[in-house]
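Have a look at the structure below before the remarks.
The values are calculated or read from the model by the stated rules, or taken from the named source; none is laboratory data. Just so you know, these numbers come straight off a predicted model, no measurement behind them. Methodologically, a virtual Cβ is constructed for each residue, glycine included, from the backbone with ideal geometry; neighbour enumeration extends over all protein chains shown. Calculation scope for accessible area: heavy atoms of the full protein, side chains included, ligands and nucleic acids excluded. Shrake-Rupley method; radii C 1.70, N 1.55, O 1.52, S 1.80 Å.
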Amino acid sequence: MGNSSKDDSTTDGDTSSGDTPPSNPNLYAEGEKVLAYHGPRIYEAKVQKAEQGKKDWRYFVHYLGWNKNWDEWVGSERLMKHTEENVLKQQALDKKQGVDKNPKSGRSAQTKPKSSAVPKGKKRKNDSGAEKDTLSFEKLVKIQIPSTLKKQLVDDWEYVTQQDKLVKLPRSPNIDDILRKFLEYRLKKEGTIPDPVVEVLKGIRCYFDKALPVMLLYKKERKQYQEAVKDDISPSFVYGGEHLLRLFVKLPELLAFVNIEEETLTCLQQQFIDLLKFMQKNQSTFFLSAYDGSKGVEGKGKD
């Protein structure tokens, strides 16, 4: 289950409704919480759409707690009902593979479903080769987000995509403020700020400014971005902790394609962890407890 060859056959198949009725009934309803195979693991997911093809039904699923970029179409053979028995199967599989679990959600703490989209220049020639390449990235770049911040990510997704609410901009403290406060914290704690820390924070700010409009916004936030980021202003002066946290979900994917020495990568990972712990420690200050629902958002459909 979950091999790339089988994934392609279920996600790229003909979905037009022919005269021949499907061989299987619709097993999952839109909005239903399910368990979904992806690669060698099972993840909690939610059915966003269900479509009837010539031979079978297919489902567009969102992996709960993860960025919408991982959403994909899957066949019914990739899904299971979210029952106590199947949850035990998921836990047994994770235990067998030595996955560190988030005790609250039951999901893997360090791994995520791999996107079915393949970066250019990285075309899959066979299942085993593609799996090996992707897993090597995961082994190199690991950013463990604290459990309370994972919950923050889920709430963030719910507010924007399900409740049509947005973060009120500009944020205070903004991302620049958060990074500056982290430097002040390190200076007070250690009496000095090592140069690598300063460079890492500069890199985070740069990555955020470049990545925000490309991969960190939900569709419903794009109109707000166009209105808020004008006159060459840096997004890190407009947005706050909510959007900075989304960057850490994407950083492993971004850094996987950068040629970094192992020693440097280890240093980077430690700085990321320290910053995330600092954000967790100041969660009530850096994150909103409620989003703004007064202004309309772009689009009414689910992202």
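Numbers for the structure displayed
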item: Net +/- balance of residues flanking Ala290 in space, Cβ distance below 10 Å, scoring K and R +1, D and E -1; result: 0
item: For a label point 7 Å along the Cα-to-beta-carbon line of Lys68, residues of region 154-172 with backbone N under 15 Å; result: 154-167
item: Lys189, Lys223, Lys55, ranked by accessible area, largest first (probe 1.4 Å); result: Lys55, Lys189, Lys223
item: Inter-centroid distance (Cα atoms) of region 158-236 relative to region 32-67, Å; result: 31
item: Protein-only accessible surface order, largest first, of Ser284, Ser147 at 1.4 Å; result: Ser284, Ser147
item: Per-residue SASA entry for Glu30, accessible area with 1.4 Å probe, Å² rounded to 10; result: 120
item: Solvent-accessible area, 1.4 Å probe, carbon plus sulfur percent, for region 139-293; result: 50
item: Solvent-accessible area of Arg180 with every protein chain in place, 1.4 Å probe, in Å² to the nearest 10; result: 110
item: Whole-number accessible area per residue in Å² for region 32-97, which is evaluated in the context of all protein chains at 1.4 Å; result: 44
item: Heavy atoms of His82 accessible to a 1.4 Å probe, total area in Å² rounded to 10; result: 70
item: log10 of Debye I(q)/I(0), alpha-carbon scatterers only, for region 32-97 at 0.12, 0.13, 0.19, 0.29 Å⁻¹; result: -0.30, -0.35, -0.71, -1.31
item: Charge dipole (debye, nearest 20) of region 139-293; +1 at Cβ of Lys and Arg, -1 at Cβ of Asp and Glu; result: 360
item: Solvent-accessible area per residue, Å², over region 139-293 with all protein chains present [probe radius 1.4 Å]; result: 50
